[in-house]
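J.: Can you keep this structure in mind? I'll have questions shortly.
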Amino acid sequence: MDLSTTIAGIRFPSCFMNASGALCVTRDELLALGRSRAGAVVIKSMTVAPRDGNPTPRYYGFPAGSINSMGLPNLGYKAYAALIPELKAFGKPVIASVAGLCEDDFPTIAAAINAAKPDLIEVNLSCPNIPGKPQIGYDTEASERLLKRVRKVITVPMGVKLPPYFDPAHHAAMGAVIGRCGVDFLNLINSVGNGLVVDPDRETVVIKPKGGFGGLGGSIIKPVALANVRAFWKIFEGRIPIIGTGGVVNGVDAFEHLLCGASAVQIGTVLVEEGIDVFCRLETELAAQLNKKGYTGVADCRGKLREL
Ligand code: RRO
């Protein structure tokens, strides 16, 4: 079964990879991803300066998903730029994820990390967890301004990691922005921002930052992720490749993302909960599902979802 895929002209040996943030902050974690079955090494979203992130506890897993308010803990772009040659030596694509604490940070980081030649760059417009900083992806004008600035300095394929949208008007508005900014791929979706998980026994929130509010991931967000993959697949009629992220915990979940139009899938919560061997399980499960359905590979079933 052919589980390889191609995004913006870059070949991935497997369609499964980590979502930025999941086990990809430190050098050791990134090297472990390099050695694993993951189809790419996706680096944690980076800021100008290294950051410790928000106070702990800042991640909580529960049966149906997770909530996090990590607050962009990362080594800073200079450390990741220096690591990229070592990561590329594993022979699979390296995706750098650019974030920032203000608009001007993005082009600064994008230019420097682009010079280190990752295979692709993802621009994160959707971190929900910096106290006092709204998600850029919910502001179409700020998103367009920022994407036009980073596009000028990025020479490798450039993608955008978007927050979930919940109304077709918002899909259309962001679709129009994406169409004007030279975006090569989309990553849909980031966590569902500012959820609240309650522990009824302790009568408390479960994470410390922001009074317990945080980004939701895992099974509970799958229908939201699938809807966003499908909506943008339709808007661009399949012309902009999509990485589907959100709610993939087994091979059938991945199959659903592919049917909706994803070319690859990323995993966050299940990677954190199960560890790096999860890639092997997911490959086996997706191969079985594709085989059962008579598909020859990932490319074959992309976008094939039927409407009633
Ligand atoms: O670090 C985080 O708190 C974080 C980021 Br940058 C993001 O994009 N998505 C998320 O769920 N957490």
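None of the figures in this text is laboratory data; all of them are computed from the coordinates on show. Note that the structure is a prediction, hence the values are computed from the model and not measured. Cβ: placed from backbone, ideal geometry, glycine included. Neighbour counts: every protein chain shown.
J.: Hey, among Ala262, Ala231, Ala227, Ala176, which residue is over 17 Å from Tyr59 (Cβ atoms), within 15 Å of the chain's Cα centre (by Cα) and not hydroxyl-bearing (Ser, Thr, Tyr)? It would help to see each step written out before you state the result.
T.: Values: Ala231 fails: within 15 Å of the chain's Cα centre (by Cα); Ala227 fails: within 15 Å of the chain's Cα centre (by Cα); Ala176 fails: within 15 Å of the chain's Cα centre (by Cα).
Unique residue meeting the criteria: Ala262.
J.: Within the stretch 247-287, track down each residue that is in a loop (DSSP other than H, G, I, E, B) and out of contact with any His (no Cβ under 8 Å at 6 or more places or on another chain). I'd like the intermediate steps shown before the answer.
T.: Narrowing the stretch 247-287 to residues in a loop (DSSP other than H, G, I, E, B): 247-250, 261, 268, 275-277.
Gly247, Val249, Asn250, Gly261, Gly268, Gly275, Ile276, Asp277, listed by residue number.
J.: Just name the residue that is surrounded by the fewest Cβ atoms within 10 Å (Cβ to Cβ) out of those in the stretch 93-118 that are away from the ligand (no atom under 16 Å from the Cβ) and aliphatic (A, V, I, L, M).
T.: Per the stated criteria, the residue is Ala115.
J.: Could you tell me which numbered condition Val272 fails, if it satisfies all but one of (1) among the aliphatic types (A, V, I, L, M); (2) buried (at least 17 other Cβ atoms within 10 Å of the Cβ); (3) closer than 30 Å to Ala169 by Cα?
T.: Answer for Val272: the failing condition is (3).
J.: I would also like to ask the following. Among (1) more than 14 Å from the ligand (Cβ to nearest atom); (2) touching a residue at least 40 places away in the same chain (Cβ under 8 Å); (3) out of contact with any strand residue (DSSP E or B) (no Cβ under 7 Å at 6 or more places or on another chain), where does Cys127 come up short?
T.: (1)
J.: Could you list, ordered by first residue, the pairs with Cβ atoms under 6 Å in which the first is in the stretch 157-168 and touching a residue at least 40 places away in the same chain (Cβ under 8 Å) and closer than 12 Å to Gln135 by Cβ and the second is within 12 Å of the ligand (Cβ to nearest atom) and not in a loop (DSSP other than H, G, I, E, B), at least 6 apart or interchain?
T.: Filtered contacts from the stretch 157-168: Lys161/Glu122; Lys161/Asn124; Lys161/Asn187; Leu162/Gly137; Pro164/Val192.
J.: Here's something else I'd like to know. So, in the stretch 165-196, exactly how many residues are within 16 Å of the ligand (Cβ to nearest atom), of a type in the set (Gly, Ala, Ser) and in contact with a helix residue (DSSP H, G or I) (Cβ under 8 Å, 6 or more places away or on another chain)?
T.: The total comes to 1.
Here's the yes/no breakdown for (1) farther than 30 Å from Val198 by Cβ; (2) in contact with a Pro (Cβ under 8 Å, 6 or more places away or on another chain):
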site: Asn18; (1), (2): no, no
site: Leu23; (1), (2): no, no
site: Arg27; (1), (2): yes, no
site: Ala38; (1), (2): yes, no
site: Thr56; (1), (2): no, no
site: Asn68; (1), (2): no, no
site: Leu83; (1), (2): yes, no
site: Ala96; (1), (2): yes, yes
site: Thr108; (1), (2): yes, no
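J.: Which residues, counting only those in the stretch 39-59, are buried (at least 18 other Cβ atoms within 10 Å of the Cβ), away from the ligand (no atom under 12 Å from the Cβ) and more than 18 Å from the chain's Cα centre (by Cα)?
T.: Val48 - this is the single residue of the stretch 39-59 that is buried (at least 18 other Cβ atoms within 10 Å of the Cβ), away from the ligand (no atom under 12 Å from the Cβ) and more than 18 Å from the chain's Cα centre (by Cα).
J.: Oh, and also: Going by the conditions given, is Ile267 within 20 Å of Glu122 (Cβ to Cβ), among the aliphatic types (A, V, I, L, M), surrounded by 22 or more Cβ atoms within 10 Å (Cβ to Cβ) and touching a helix residue (DSSP H, G or I) at 6+ places or on another chain (Cβ under 9 Å)?
T.: Values: within 20 Å of Glu122 (Cβ to Cβ): yes; among the aliphatic types (A, V, I, L, M): yes; surrounded by 22 or more Cβ atoms within 10 Å (Cβ to Cβ): yes; touching a helix residue (DSSP H, G or I) at 6+ places or on another chain (Cβ under 9 Å): yes.
Against the criterion (within 20 Å of Glu122 (Cβ to Cβ), among the aliphatic types (A, V, I, L, M), surrounded by 22 or more Cβ atoms within 10 Å (Cβ to Cβ) and touching a helix residue (DSSP H, G or I) at 6+ places or on another chain (Cβ under 9 Å)), Ile267 qualifies.
J.: Right, something else. If I go through the stretch 7-38 residue by residue, how many of them are touching a residue at least 12 places away in the same chain (Cβ under 8 Å), within 16 Å of the ligand (Cβ to nearest atom) and not aliphatic (A, V, I, L, M)?
T.: 5
J.: Now for a different question. Out of the residues in the stretch 1-38 that are over 17 Å from the mean Cα position of the chain (by Cα) and either on the phi > 0 side of the Ramachandran plot or in a loop (DSSP other than H, G, I, E, B) (or both), which is surrounded by the fewest Cβ atoms within 10 Å (Cβ to Cβ)?
T.: The selected residue is Gly9.
J.: Now for a separate question. Assigned to a loop (DSSP other than H, G, I, E, B), of a type in the set (Val, Ile, Thr) and more than 16 Å from the ligand (Cβ to nearest atom), is that true of Ile207?
T.: Numbers: assigned to a loop (DSSP other than H, G, I, E, B): yes; of a type in the set (Val, Ile, Thr): yes; more than 16 Å from the ligand (Cβ to nearest atom): no.
Answer is no for this residue.
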